[in-house]
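Below is one structure, written out as structure tokens; comments come after it.
Quick note: the coordinates plus some simple rules give every number you see, no bench work behind them. Predicted model, so just to flag it, every value in this text is computed and none were measured. Neighbour counts run over all protein chains shown; Cβ positions are idealised from the backbone, glycine included.
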Amino acid sequence: MKLLGRADSLNVRKVLWAMDEMGIEMPREDYGGPFGKTDTPEYRRWNPAGLVPTLIDGDAAVWESNTIIRYLGSKHPDAGFFGHTPAAAASASQWMDWQLGTLNPFLQRIFAQSQLGDKRDQKVFDDNKSGVEKQFENVLAGSLMDKEFILGAKITAADICLGVMLHRYVSLLGTGTLNKRVAQYHAKLAERPAFKSRVAIGKP
């Protein structure tokens with residue numbers, strides 16, 4: 001297997017963090033951003049979206065970071081990273097889908113507006129900040145309750161996907177208005193060596 005994608009891409013960082021938590025090692029090649037190569041016919045055969053990351057495993061090409069994490073979890077079931085039963089896998093997967101479908105749109109717009117300097121649309125920024133904070137307050141905080149991680153005592157694929165979004169939020173907005181329980185959860189994830197080496201690399 002090999003992973004194609006630049007190490008500073010948030011979605012590549014997500015996969016690298018998951019790999020470290022599962023004890024998986026594989027070569028990585030720089031694609032995307034300043035390295036280009038994602039618009040070549042060969043890459044588009046692997047990944048028609050032309051984005052990173054892409055995982056190559058023999059004749060299989062797997063794209064979309066959450067799907068890559070699911071794939072790696074299924075190939076390394078002993079790690080328990082994606083659950084040992086269909087119900088456990090579904091529990092992790094639903095949080096991964098919530099991250100992608102609910103949190104991502106808010107945080108992508110916040111990130112995009114933060115790059116515009118004095119051209120930023122403050123209403124768009126504020127509306128999306130309010131939107132994501134309501135999700136943290138009403139959905140994530142209540143689900144954490146007294147659990148260490150989102151599904152219990154052990155880190156899983158769900159925590160990786162939620163953790164990279166929390167990293168982006170905290171990098172851009174700090175913790176001043178973040179729900180207290182969610183801030184504690186982020187701090188717990190940020191203590192992990194793989195988070196420090198793969199995710200918290202000075203970029204949101």
Legend entry - Subset of LYS134/LYS154; LYS123/LYS147; LYS2/LYS129; LYS37/LYS188; LYS2/LYS119; LYS147/LYS203 violating a 30 Å alpha-carbon distance limit: LYS123/LYS147; LYS2/LYS129; LYS37/LYS188; LYS2/LYS119
Legend entry - Exposure proxy order (Cβ contacts within 10 Å, fewest to most) of LYS129, LYS134: LYS134, LYS129
Legend entry - Ranking of SER130, SER143 by count of other Cβ atoms within 10 Å, fewest first: SER130, SER143
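Any idea what the relative contact order of segment 52-119 is, in percent, if you count C-alpha pairs under 8 Å spaced at least 6 apart?
On the way: 31 pairs, mean separation 9.4, N = 68.
Value for segment 52-119: 14 percent.
Work out the FRET efficiency for LEU172 and LYS123 from their Cβ-Cβ distance, taking R0 = 25 Å, and round it to the nearest 0.05.
Numbers: r = 17 Å, r/R0 = 0.68.
The value I calculate is 0.90.
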Legend entry - Ranking of LEU116, LEU140 by count of other Cβ atoms within 10 Å, fewest first: LEU116, LEU140
Legend entry - Relative counts (whole %) of C-alpha pair distances in segment 1-101, using bins that are 10 Å wide: 15, 48, 30, 7, 0
Legend entry - Whole-number D in µm²/s for segment 38-85 (Stokes-Einstein; Kirkwood sum over Cα pairs; 25 °C, 0.890 mPa s): 212 µm²/s
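Per residue, what volume in Å³ does the convex hull of the Cα atoms of segment 117-204 enclose? Numbers along the way, then the final one.
Numbers: hull volume 8.6 nm³, N = 88.
So the per-residue hull volume is 98 Å³.
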Legend entry - Candidates LEU173, LEU55, LEU162, ranked by Gaussian network fluctuation over the chain, Cα under 10 Å, top entry: LEU173
Inset, instruction - For the chain, with a Gaussian network of springs between Cα atoms less than 10 Å apart, report the residue from LYS154, LYS123, LYS14 with the top mean-square fluctuation. - result: LYS123
Inset, instruction - Identify which of PRO53, PRO27, PRO105 has the largest mean-square fluctuation in a Gaussian network model of the chain, with springs joining Cα atoms closer than 10 Å. - result: PRO27
Inset, instruction - Could you work out the relative contact order of the chain, using alpha carbon pairs under 8 angstrom and six or more residues apart, expressed as a whole percent? - result: 22 percent
Inset, instruction - Have a look at the chain and give its Rg and Dmax from the Cα atoms, expressed in angstrom. - result: 17.0, 50
Legend entry - Of PRO53, GLY36, GLY73, farthest towards positive along the dipole that unit charges on Lys, Arg, Asp, Glu beta carbons give segment 2-79: GLY36
